[in-house]
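Comments concern the structure below.
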Amino acid sequence: MNSDPHPIYRKISWHLLPLLFCCYVIAYIDRVNVGFAKLEMLTDLSMSEAAYGLGAGMFFIGYFLLEVPSNLILHRVGARLWIGRIMITWGILSGAMAHVTTEYQFYVVRLLLGMAEAGFFPGILLYLGYWYPAGVRTRVTAIFMAAVPVAGMIGGPLSGWIMQFLEGHGGQRGWQWMYWIEAVPAVLLGIYVAARLPDNPRHARWLSHAQRELVATSIATEETTKTHGSFRDALGTPRFWQLCAVYFCLVMGNYGVSFWLPSVIKGTGVTDPSQVGLLSALPWIAALVAMMAASASADRHREYRWHVAMPSLLSALGFYLTASHLHGTAGALVAMTLAACGIITSLPIFWSLPATTLSGVAAAGGIALINSLGNVAGFLSPYLVGWLNDRTGSAVAGLHAIAAFLVLGALLTLTLKSPKTN
């Protein structure tokens, strides 16, 4: 057999990444399509901007509560059954969003949706660590996380089209049709994952026995170089908590783009939902290109801190410029493109930082806790912007606040005490 492991990892990628990528595209669309539903829901449910922001953010309260237990269960029972279960339950609850009729029902279903999806993203990160060593993991993570901009590219036009052209059919509003239609793929893919996804390399029938052993040995050898084998040990290091703070700041920027991009475009005078959807795809297309180029550079140079910090500063600049161009579609779109490129580039590279020190149960719990605490910003970001919007009558203060968090995240990244491997 060829001793070069890279053909094996290419084979693994062809078997795993298309499925995992599609799952994350659907997950992200179902998570943030509330940003498009907002264009009609606020009027239909008589909600304020702050109430919308609170409801959008309730997802992350449920996410926070169950993230770590979910990942520990996945580590124990295997990815196939647990990821499949997550997808089926979140698909059902995403469809249930079409039936909310009051502000409080909106809060409850968003909370339950977050509880259902808890563990999906960190579970996949943990799962990829079962297959890929550090030298290729950043690029693989970037391919998986490219689902975020792709979800924006697909979800924006799709949501806008559904809301415009199915409006009133069967006596239902366009946003209701959007929730129903976009929930179905999650349930179908969840059933497929539960039936077909291998739990680890030793269960991959499409690898030869020698290939399975080579992959398993490579991962086991790498695990011996990591310093934290227990969850408790990981929690005792300042570096771990600094990573949580960095990720919190990055997530503030991520959901600043995801939840408010359609509203920013609409606020410049574009009222047609399908046009809002098409224009909202443009920043995500640029972000996808930037993400892949930067992730390849980070792996090539084995340097991750600057590759996180500089895009974070670029995103901060984008949010700051957006606040100055809220009344011009072209200017706002260019500024939001900078914001999207920066934040989408920094996120997959960030996950190379904890991966260099966490292994075993520490990886299962640590990755989940970083993601869980970081995603509290998913609650704060939409609520803060919505609250400031209601208080000031403008999105300027909220956009400036997100920019400030991204600058802080960049500074915290550059002051990380990193292991020799990065």
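The values are calculated or read from the model by the stated rules, or taken from the named source; none is laboratory data. No experiment lies behind these values; they were computed from the predicted model shown. Cβ atoms come from the backbone with ideal geometry, glycine included; neighbour counts cover every protein chain shown.
Within the stretch 19-50, the set of residues being under 28 Å from A195 (Cα atoms) and modelled with pLDDT under 85 comprises Y28, D30, R31, V32, N33. Taken across the stretch 51-72, residues that are of a type in the set (D, E, K, R), surrounded by fewer than 20 Cβ atoms within 10 Å (Cβ to Cβ) and modelled with pLDDT under 85 do not occur at all. Looking at R31, R80, can you tell me which residue is touching a Leu at 6+ places or on another chain (Cβ under 6 Å), touching a residue at least 60 places away in the same chain (Cβ under 8 Å), part of a helix (DSSP H, G or I) and not hydrophobic (A, V, I, L, M, F, W, C)? The match here is R80.
Condition check ((1) at pLDDT 90 or above; (2) more than 26 Å from P18 (Cβ to Cβ); (3) touching a Leu at 6+ places or on another chain (Cβ under 8 Å)) across all residues:
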{"residue": "L158", "(1), (2), (3)": "no, no, no"}
{"residue": "H169", "(1), (2), (3)": "no, yes, no"}
{"residue": "V184", "(1), (2), (3)": "yes, no, no"}
{"residue": "L188", "(1), (2), (3)": "yes, no, no"}
{"residue": "V193", "(1), (2), (3)": "yes, no, yes"}
{"residue": "R212", "(1), (2), (3)": "no, no, no"}
{"residue": "V215", "(1), (2), (3)": "no, no, yes"}
{"residue": "I219", "(1), (2), (3)": "no, no, no"}
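All of G366, G269, G328, G342 fail the test of being on the phi < 0 side of the Ramachandran plot and in contact with a His (Cβ under 9 Å, 6 or more places away or on another chain), apart from G366. From the list A245, A332, the one residue that fits, being surrounded by 21 or more Cβ atoms within 10 Å (Cβ to Cβ), part of a helix (DSSP H, G or I) and modelled with pLDDT of 85 or more, is A332. Is it the case, given these coordinates, that S48 is surrounded by fewer than 22 Cβ atoms within 10 Å (Cβ to Cβ) and either touching a residue at least 60 places away in the same chain (Cβ under 8 Å) or of a type outside the set (A, V, I, L, M, F, W, C) (or both)? Against the criterion (surrounded by fewer than 22 Cβ atoms within 10 Å (Cβ to Cβ) and either touching a residue at least 60 places away in the same chain (Cβ under 8 Å) or of a type outside the set (A, V, I, L, M, F, W, C) (or both)), S48 qualifies. Taken together, L399, L408 contain a single residue that is at pLDDT 85 or above, among the hydrophobic types (A, V, I, L, M, F, W, C), farther than 23 Å from I349 by Cβ and part of a helix (DSSP H, G or I), which is L399. Screening the candidates A134, A151 for the property of being at pLDDT below 90, closer than 29 Å to G365 by Cβ and surrounded by fewer than 23 Cβ atoms within 10 Å (Cβ to Cβ) yields one hit, A134.
As a summary of the residue check, S3 satisfies the conditions (1) at pLDDT 85 or above; (2) not in a helix (DSSP H, G or I) except for the one numbered (1). Annotation: of all residues in the stretch 153-174 being in a helix (DSSP H, G or I) and of a type in the set (A, V, I, L, M, F, W, C), the one that is farthest from L261 (Cα to Cα) is F165. Being over 30 Å from S218 (Cα atoms), among the basic types (K, R) and either in contact (Cβ under 8 Å) with a residue 24 or more places away in the chain or in a helix (DSSP H, G or I) (or both), is that true of even one residue in the stretch 102-117? Yes. Taken as a whole, the structure places Q172 among residues that are of a type in the set (S, T, N, Q), out of contact with any helix residue (DSSP H, G or I) (no Cβ under 6 Å at 6 or more places or on another chain) and touching a residue at least 24 places away in the same chain (Cβ under 8 Å).
Checked against (1) within 25 Å of A96 (Cα to Cα); (2) of a type in the set (V, I, T); (3) surrounded by fewer than 24 Cβ atoms within 10 Å (Cβ to Cβ); (4) within 23 Å of the chain's Cα centre (by Cα), I12 meets all criteria but (1).
Could you go through the stretch 317-324 and let me know if any residue there is farther than 20 Å from G35 by Cα, modelled with pLDDT under 90 and surrounded by fewer than 23 Cβ atoms within 10 Å (Cβ to Cβ). Yes, the stretch 317-324 has at least one match. Looking only at residues of the stretch 335-355 that are farther than 18 Å from V148 by Cβ and not small (G, A, S), we find that the one that is modelled with the lowest pLDDT is P354.
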